[in-house]
Structures are given as structure tokens and as C-alpha cells.
Amino acid sequence: MIDTGEGIAPESIGRIFERFFTLDRSSATSGGSGLGLAIAKRIVELHGSNLAVSSQVGVGTRLTFAVPTQAGA
């Protein structure tokens, strides 16, 4: 997934997968609970992969993962 939003500050990158962490306090009033990325990361890990993030403030954010396939499937 790639977006062209405001990006994530380097000091926040390490926390975005924590449960209930939100970057913006105003997101709490708009329905965000800070659970989505924590759940997504766990699902990807259960499938034997890793959810990685790269971001640049003012440019956007990229989340990447690869799910291994079964040989012969």
C-alpha cells in the first residue's frame, strides 16, 4: 500500500504497529482506534512474513509485505 499523505515522522515509525497508537489525536474523534496496523502486522506475521514501513514526511508512506506460497500449490 502506498499513499501520498503527509508521511510519518521518523520518531513515530517505531510505534505505528503498537495497539492503540495514533499519530494524530484528532483521529480518535474521527473513529480511529489505533488497532488496524497492529492487527494487520500480526496477521502477516502469522503467515510467515513481515510488514515493513517506509515513510518520508511531506511525500507519503509505503507498507509492504510478501506472503510465502506453498511449493507445488
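The values are calculated or read from the model by the stated rules, or taken from the named source; none is laboratory data. Note that the coordinates shown come from a computational prediction; the quantities given were computed from them, not determined experimentally. Here the Cβ is made from the backbone with ideal geometry for all residues, glycine too, and neighbour counts use every protein chain on show.
Below is a table of values for the structure above.
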read-out: Test result for Ser49, closer than 27 Å to Thr69 by Cβ, surrounded by 10 or more Cβ atoms within 10 Å (Cβ to Cβ), modelled with pLDDT of 90 or more and among the polar types (S, T, N, Q); value: yes
read-out: Filter result for the condition that a residue is at pLDDT below 90 and either loosely packed, with under 10 Cβ neighbours inside 10 Å or assigned to a strand (DSSP E or B) (or both), over Thr22, Thr4, Thr61; value: Thr4
